[in-house]
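Trainee: Right, I'll just put the structure down here and ask away after.
Please treat every number below as a calculation from the coordinates, not as lab data. Everything numeric here is computed off the predicted structure, so don't read it as measured data.
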């Protein structure tokens with residue numbers, strides 16, 4: 001097993017803390033409702049909002065489909081593995097968690113894309129701060145999911161190495 005450098009260890013421990021601190025800071029900002037009147041919109045802006053609204057909805061649907069299909073697939077794999085007679089180091093629970101974790105990461109990426117699209121046309125300060133908080137929160141979720149996936153994959157690889165010895 002390879003030793004981590006001091007810099008990598010610091011980044012791994014300080015990055016989540018910095019993201020959490022940034023999220024708390026953004027959520028604590030007192031942002032008042034800004035009244036963005038419909039009269040000041042130019043026709044092109046309305047058309048862009050219409051198109052981007054559909055694109056954002058498509059990204060949200062894609063996120064829901066990816067996560068929904070992963071859940072159904074996870075249930076099927078878990079049930080089929082539990083009823084099979086083969087013994088493996090990598091049990092069915094870890095396999096399902098790993099596959100579901102990868103799908104959740106992809107679903108979160110689609111969800112972030114949807115949020116970015118929604119604030120692409122004439123964002124207000126409130127929209128930008130809300131987007132920043134959402135992106136920070138989802139980045140934290142992605143970070144911890146990725147760490148969990150790497151940990152499970154690494155333990156699986158170690159189990160395979162011990163089996164081959």
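Trainee: Given the Cα-Cα distance of residue 142 and residue 71 and 0.36 nm per residue of separation, how much length would full extension add, in nm?
Mentor: 23.8 nm
Trainee: What ratio of Cα Rg to 2.2 N^0.38 Å holds for region 43-164?
Mentor: Region 43-164 yields a ratio of 1.42.
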